[in-house]
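Okay, structure first, notes after.
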Amino acid sequence: MVVFLANRANLQNKRLHDRIQNRLTAELDNVRRRRAEPREAGSYRVVGEVDPRQFLDDETYPTTTARIEIGFQIQTSDPYEHYWFNWIEPERSLLVGWHQDDMHTDLGQVHLQVNKGSSAIDHQPARFIDSHPLDVIEQRLGEFPNAVHAVEWNDNTPLGFDSSASVIG
């Protein structure tokens, strides 16, 4: 797929999220744009359902339902956009995601996070991608399998990221 990298200065929130929705329709099911909840930063999220066994190319993966949620905030006090790029498994109350925001600034501009329900279990610094949001999506989608597989578990509870795994993309 070819990604047209337009001038980032001309980005508009709704139009960007519409383009994200169009991009994800090819790989995910039931893709939709929604308004962000009051507790969520930014205006919109694009949500799509995925079969983890197929997406992660792992027939033994322990759940068959997951969703990907992506949101960008274009107007920030930083010289770059903020984003939230999450893998969510409702059955196991798991969230794995990259967050480029003003939280956990001690980890840098971007961090990779794993949650059990609404509780953060682990945060790791991640690579900052200074590129158009659609390029960020391409790169992060390709990194999801490694990030999801790097979560360590103990009796159905995520413990954090395997420190020996090279997932902190």
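The values are calculated or read from the model by the stated rules, or taken from the named source; none is laboratory data. On a predicted model such as this, the values are computed, not experimentally measured, just so you know. Ideal geometry is used to build each Cβ from the backbone, glycine not excepted, and the neighbour counts take in all protein chains shown.
Some points to look at:
- Residues (of a type outside the set (A, V, I, L, M, F, W, C) and under 18 Å from Leu141 (Cβ atoms)) located in the range 85-110: Asn86, Glu89, Gly97, His99, Gln100
- Odd one out for Arg140, checked against (1) within 22 Å of Ser163 (Cα to Cα); (2) without any contact (Cβ under 8 Å) to a residue 24 or more places away in the chain: (2)
- All positions within the range 102-135 that are among the charged types (D, E, K, R), farther than 19 Å from Gln73 by Cβ and outside any loop (DSSP other than H, G, I, E, B): Asp106, Lys116, Asp122
- Taking the range 1-50 as the range and being exposed (fewer than 13 other Cβ atoms within 10 Å of the Cβ), outside any loop (DSSP other than H, G, I, E, B), at pLDDT below 75 and not polar (S, T, N, Q) as the test, only Ala9 passes.
- For Glu81: the one exception among (1) surrounded by fewer than 18 Cβ atoms within 10 Å (Cβ to Cβ); (2) of a type in the set (Asp, Glu); (3) in contact with a strand residue (DSSP E or B) (Cβ under 9 Å, 6 or more places away or on another chain): (1)
- The numbered conditions (1) over 15 Å from the mean Cα position of the chain (by Cα); (2) of a type in the set (A, V, I, L, M); (3) modelled with pLDDT under 90 are all true for Leu134 except (1).
- Only one entry of Val110, Val114 meets the criterion of being surrounded by 18 or more Cβ atoms within 10 Å (Cβ to Cβ) and either acidic (Asp, Glu) or at pLDDT 95 or above (or both), and that entry is Val114.
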